[in-house]
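Quick notes on the structure that follows.
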Amino acid sequence: MEKHASRIAVNSGSHQYTVEIGHGILESAGAWLSNSHSQKDGSVSIISNKKVFDLYGATVEQSLTAAGFKTSKFLMEDGEEYKNFESFLQALEFLGEKGTRRTDAVLALGGGVVGDLAGFAASVYLRGVPFLSIPTTFLSMIDASVGGKTAVNTSFGKNTVGTFHQPKGVLIDVKTLATLDERELLAGFFEAIKHGAVGGPGILTSIEGFLSDFPVNGFSGRFNNSEFVGRLEKVVFEQVAFKAEIVSGDEKEDTSRNDAKSRKILNFGHTVGHSLEKVTNYRYFKHGEAVAYGMLAAAEISKRLDILDKNSLNLLKRVVSTARTLPDARSIEIQEIINSFSSDKKLLSEELQWVLLGGIGKPKIVSSLEIPEPIIFESLQDVLHR
């Protein structure tokens, strides 16, 4: 199958970088890094986990070495629960022990957990060193790798301590999805559905059509199918292009903005999603699964506030169900979820900002003061317990 790459320019307020998307392009990581990073003979610290590095580390290291870079690696533990201060400090100690200079680079190879932690470490070590990303999960490809948000989780919430640190470049090889398990793939597709819900019917129906034609079961066996690969690249391109447009217009999520192009709209489903992750100690739900429940809850709240029509609500439910049934949430106490909202990072002056829907592609940012708590409780009960 012929190798080629599509490119999307992300014009953030701080600088411009390019996202390259293709199939079988991991072998060209050295040339890509040379084009993205001005220091041609520096050192590159690869931050990954053992599972991902065993699959792709040798390919990346060989390509970087052939391009003239010296490489070293730090392998963190695998899982959302390890995106914490302990792992962060270990990564900083690694960079220090390797004598990393400000002209060297940190390269994240892995999913969103790896990308968030590596980016955060790169942003504070020596007050900031260049950072690049090779995301290997669908979720990290379409979301975490684009936009410059870095963070770790704490006892008082998810992603509550972090920085904005834009990458110098992002390389997406969809072939890495062939080794992803079904549940991890679906977590990414739920996040893609989120983009469609706030981005518009075109994005949403594109995802629905892809999942209808190519169900996630059997995904790994289709990578010799040129139609499948082409459609998959197109879906990833659409998703990245949408997110790039939003983050280019609102790089650091301006707290004063509440319009439909605010970066806040990307938090659709995350108020409930983050709470579900927190009350289950980040071990029960995949991030995308929690966001899927959060989307359905936010849409149900929107319907009960009479700002979302029933047809739009049913469309969102249908597309979510096209992906797969979500993990059972009936054992989770509704009040416990509501209580955890107080630690949500979108809490400003005792006022939680909900991203709701006025229609597909019509996000609305609404203060919690405008939503009666019984509506929130009943919506959560309807989505999680029925």
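Structure notes:
- Neighbour-count order for THR322, THR255, THR136, fewest beta carbons within 10 angstrom listed first: THR255, THR322, THR136
- Distance histogram for the stretch 183-384 (every C-alpha pair counted, 5 angstrom bins, percent rounded to whole numbers): 1, 7, 16, 20, 20, 16, 11, 5, 2, 1, 0
- GluC sites (Glu not before Pro) restricted to the stretch 1-74 and DSSP loop, no more than 12 other C-beta within 10 Å: GLU2
- Counted over all Cα-Cα pairs of the stretch 5-180, pairs farther apart than 29 Å make up 10 percent.
- About its Cα centre, the dipole of the stretch 266-386 is roughly 560 debye, where the only charges are +1 on Lys and Arg Cβ and -1 on Asp and Glu Cβ.
- Simple Cβ-charge dipole of the stretch 1-156, Lys/Arg +1 and Asp/Glu -1, about Cα centre, in debye nearest 20: 480
- Selected from THR255, GLY230, ALA299, residue furthest toward positive end of dipole (the chain; charges at beta carbon): GLY230
- Distance between the C-alpha centres of the stretch 61-107 and the stretch 201-240: 32 Å, rounded to the whole angstrom.
- Rounded to 0.05, the FRET efficiency of the ASN311 and GLU77 pair, given R0 = 56 Å and the Cβ-Cβ distance, is 0.80.
- Here's how it looks for ILE46: its modeled amide H is under 5 Å from those of SER72, LYS73, PHE74, LEU107, which are all 5 or more places away or on a different chain.
- Normalised contact order of the chain, rounded percent, pairs of Cα under 8 Å and 6 or more residues apart: 15
- Choice from GLY199, GLY294, GLY96 showing the highest fluctuation, given a GNM over the chain with Cα pairs closer than 10 Å: GLY96
- Taking other C-beta atoms within 10 angstrom as a stand-in for reagent exposure, ILE360, ILE246 fall in the order ILE246, ILE360, fewest first.
- About the Cα centre, charge dipole magnitude for the chain (Lys/Arg +1, Asp/Glu -1 at Cβ), debye: 580
- Dipole-positive endmost among TYR82, ALA178, HIS4 within the chain (Cβ charges, Cα centre): HIS4
- Taking all Cα pairs closer than 8 Å and separated by 6 or more residues, the relative contact order of the stretch 183-384 comes to 27 percent.
- Expected-Rg normalisation [2.2 N^0.38 Å, Cα atoms] applied to the stretch 1-81: 1.21
- Computed extension length for GLN16-LYS70: 16.9 nm, one decimal, from 0.36 nm per residue of separation with the Cα-Cα distance subtracted.
- Top positive-direction residue, dipole computed over the stretch 5-180 with Cβ charges, set GLY42, THR59, SER140: GLY42
- Neighbour-limited loop hits for trypsin sites (Lys or Arg not before Pro), the stretch 244-324 (at most 11 other Cβ within 10 Å; DSSP other than H, G, I, E, B): ARG283
- FRET efficiency, 1/(1 + (r/R0)^6) with R0 45 Å, evaluated for ASP41 and VAL279 via beta carbons: 0.40
- Two-site FRET efficiency, GLN381 against ASP213, from Cβ-Cβ distance with R₀ of 35 Å, rounded to 0.05: 0.50
- Compactness of the stretch 36-76 as Cα Rg over 2.2 N^0.38 Å, two decimals: 1.16
- The chain: most fluctuating residue of SER226, SER72, SER206 per GNM, C-alpha cutoff 10 Å: SER226
- Globularity ratio of the chain, using Cα Rg and 2.2 N^0.38 Å: 0.95
Every read-out reported here was derived from the displayed coordinates using simple, explicitly stated rules and does not represent laboratory data. Predicted model, so just to flag it, every value in this text is computed and none were measured. Neighbour counts are summed over all protein chains in view; Cβ atoms, including those assigned to glycine, are modelled from backbone coordinates with ideal geometry.
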